[in-house]
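Colleague: For reference, the structure I am asking about is given below.
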Amino acid sequence: MSSQLQPIAPPPIESGPGISYNPRTARAKRIGARAALYSTAMFFVIFAAMPFAWMILTIFKQNADLYQQPMQKSPFSFWGELNQPPTLENLRFLLWDTNYLVFVKNSLVVGFFTVVITLLLAMPAAYALTRLSGGWGESLGIAIFLVYLIPPTLLFLPMTRIISELNLKNSIWSLVVVYPTFTIPFCTWLLMGFFKSIPWDVEEQAMIDGYSRFGAIIRAVLPLSVPGILTVIVFSFTLSLHEFVYSLAFVTSTANKTISTGVTTELIRGDIYFWQALMAASVLVAIPIAILYNLFLDRFIAGFTLGAVKG
Amino acid sequence: MAAPIAPPPTVPRTAPDTNRYLLDREKFLGPIMLLPAVIYIVALVGVPLVIAIAYAFSDVTVGDQSIDWVGLKNFRNSWGNAAFQKALKNSLIFTFVTQALVMILGNILALVLASDFKGKRLVRFLILLPWATPVALVAVGWWWIFSPPYSALDYILREIGALGPGGWWSNDNNAYWLALPDRAQFSVVLVQVWRVLPLATVILLAGLTAIPQDVREAANLDGAGYMRQLVWIRLPLLAPIMLVAFLFGTVFVFSDMIIVYIMTRGQPNDATQVIPHLAFMRGVQSGDLASGASVAVFLFPVLAGVAALMLRTARRAETS
């Protein structure tokens, strides 16, 4: 870490008019600024990542090591006089002795179909709003995006009614029906930004080459949209994994629960908490999602700035 | 009488007017491509929204699904209800305090991430973790951090001499974060800040990096120091994007029930009860749909206000 504190080729500091330039105080100032920068960054990293670090440590803790009363030994260590070495027993317990893999499978199925429905509906809608509408396309696009902000906590009661009318109560298909209600608005908005960046000439050239208006979209625009499609896949999938409220309201049987509800309701029995397995269940899903999210973050932010930032 | 000479038929390049070329007509293609998404949203968001409001004025329960009009009865019952009063107050205070902290911390953090330093990509990844991971799963992690007697946070506080016999904060071995009203409220706000800070930060960062270089160069030439540039140039230029970050955070915090559901269930004694969680308890756990809906519609004014402000921001961005 100490090597990082070395300032890397600092830019020459320009002194203002009439201010005498003292190299020594300037250097001290520069080092002070770097130190402030690194310590602020460090503070926020600890704040953001500490819970994850503790969750990951917990996974590998032996029961006798974790549940000591009174707590004499450091809970953050495995090695030392009083601590016990790390174990994989908790992971084994989670994967083979609980329904975790059932929840994972359910989440993957729901995520897959949510992605498919989102792509089928959001792609054409976003294209139509950017290219086939007059001036109202942009306004309608914003209106559709605002639908994403209507929270499940406002809609879940009537949704429950609709789901039972559809005879989907207590089934993962209820989630497949409902999750596109927030992924479609979100992804339509993302894709609109994306289609805007594809030049008109692409369709024009395809039509000159003899394709119909629709043919031009399929043959010329679609291949260029692969990064956009990928973004939609990632975000509709992760948003469906994030969802909790609908899943909690619609699904009550263990066999049909998703990760977010299954882990938080089924791995806790009465007063007995399987803390290590619980942490493993969270971390195993959370970290891969975080990595995926991070890869596509810039597109995500572009959508969230509502055009208030000109790129 | 000579018939006027018919003008030659104009052939529009992109829209030949025959059924065979239906897929060539933009007037046809546009709506056809847009409609499925719009129908989906109207059927599964628009309709439920209307029903949600209708529920609030009715006596519907899980047992009796018919919607009978009862006027403002549910709201009158709610107003006089201690749990509801606490929930409304908490929702507003939690959201406000969270957002105030997030705006301060988010600006600092965005300034940090806007400067160049080694390991920035890793720092950005770690700072984003709270937003990128499912809320329900990380709330479980926080619950574990707060839970006595094995609370890791309490262990640290004991090590630095704040807790335990002779501690400078308390003589207890544990802080009982989720069992004492004010500490439970603090804990909920802390986790909310932790969760929405990354979103605010990246939105603000996008705004910061979009400030044109020549603005800063001009300020440098004029001899403005870092703080003066920050207060008089960067922050004013950031104002619109700060509003955007504020609005998103407000929606996500105000409408969230997951953190409260997992960590406290609104306890102790409704000290951490919030509107969305109370609506869930009444509507789903007690089966009183009308009462739940009448609580949930209190989310509506705030959301509508946020939506209006967002539309204004977006429209300004469009015209500027």
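The values are calculated or read from the model by the stated rules, or taken from the named source; none is laboratory data. These figures come from a predicted structure and were not determined experimentally. Because the Cβ atoms are built from the backbone with ideal geometry, glycine has one as well, and the counts that use them run over all protein chains shown.
Colleague: Select, from B:F248, B:F254, B:F300, the only residue that is surrounded by fewer than 18 Cβ atoms within 10 Å (Cβ to Cβ), under 30 Å from A:S139 (Cβ atoms) and aromatic (F, W, Y).
Modeller: Every option except B:F300 fails the conditions.
Colleague: From B:G46, B:G71, B:G80, which residue is without any contact (Cβ under 8 Å) to a residue 40 or more places away in the chain, touching a Phe, Trp or Tyr at 6+ places or on another chain (Cβ under 8 Å) and surrounded by fewer than 18 Cβ atoms within 10 Å (Cβ to Cβ)?
Modeller: Sole residue among the options that is without any contact (Cβ under 8 Å) to a residue 40 or more places away in the chain, touching a Phe, Trp or Tyr at 6+ places or on another chain (Cβ under 8 Å) and surrounded by fewer than 18 Cβ atoms within 10 Å (Cβ to Cβ): B:G71.
Colleague: Now for a different question. Here are A:A249, A:A255, A:A280, A:A286: which of them is within 17 Å of the chain's Cα centre (by Cα) and among the hydrophobic types (A, V, I, L, M, F, W, C)?
Modeller: A:A286
Colleague: Quick one: B:P148 ticks every box in (1) in contact with a helix residue (DSSP H, G or I) (Cβ under 8 Å, 6 or more places away or on another chain); (2) assigned to a loop (DSSP other than H, G, I, E, B); (3) over 28 Å from B:D270 (Cβ atoms) bar one, so which box is it?
Modeller: Checking B:P148 against (1) in contact with a helix residue (DSSP H, G or I) (Cβ under 8 Å, 6 or more places away or on another chain); (2) assigned to a loop (DSSP other than H, G, I, E, B); (3) over 28 Å from B:D270 (Cβ atoms), the one that fails is (3).
Colleague: A further question follows. Are any residues in the stretch A:207-239 among the hydroxyl-bearing types (S, T, Y) and under 15 Å from B:E26 (Cβ atoms), and if so, which ones?
Modeller: Selection gives A:Y211, A:S212.
Colleague: Within the stretch A:122-156, track down each residue that is more than 22 Å from B:V244 (Cβ to Cβ) and either without any contact (Cβ under 8 Å) to a residue 60 or more places away in the chain or of a type in the set (D, E) (or both).
Modeller: A:P124, A:A128, A:L132, A:S133, A:G134, A:G135, A:W136, A:L155 - these are the residues of the stretch A:122-156 that are more than 22 Å from B:V244 (Cβ to Cβ) and either without any contact (Cβ under 8 Å) to a residue 60 or more places away in the chain or of a type in the set (D, E) (or both).
Colleague: Kindly provide the set of residues from the stretch A:201-234 that are among the hydrophobic types (A, V, I, L, M, F, W, C) and touching a residue at least 24 places away in the same chain (Cβ under 8 Å), ordered by number.
Modeller: A:I217, A:V221, A:L224, A:I229, A:L230, A:V232, A:I233, A:V234
Colleague: Can you find a residue that is assigned to a helix (DSSP H, G or I), among the charged types (D, E, K, R) and either modelled with pLDDT under 85 or under 21 Å from A:G262 (Cα atoms) (or both) anywhere in the stretch A:34-53?
Modeller: No, every residue in the stretch A:34-53 fails to be assigned to a helix (DSSP H, G or I), among the charged types (D, E, K, R) and either modelled with pLDDT under 85 or under 21 Å from A:G262 (Cα atoms) (or both).
Colleague: Of B:L163, B:L153, B:L157, which residue is crowded, with 22+ Cβ neighbours inside 10 Å, more than 15 Å from A:H242 (Cβ to Cβ) and not charged (D, E, K, R)?
Modeller: B:L163
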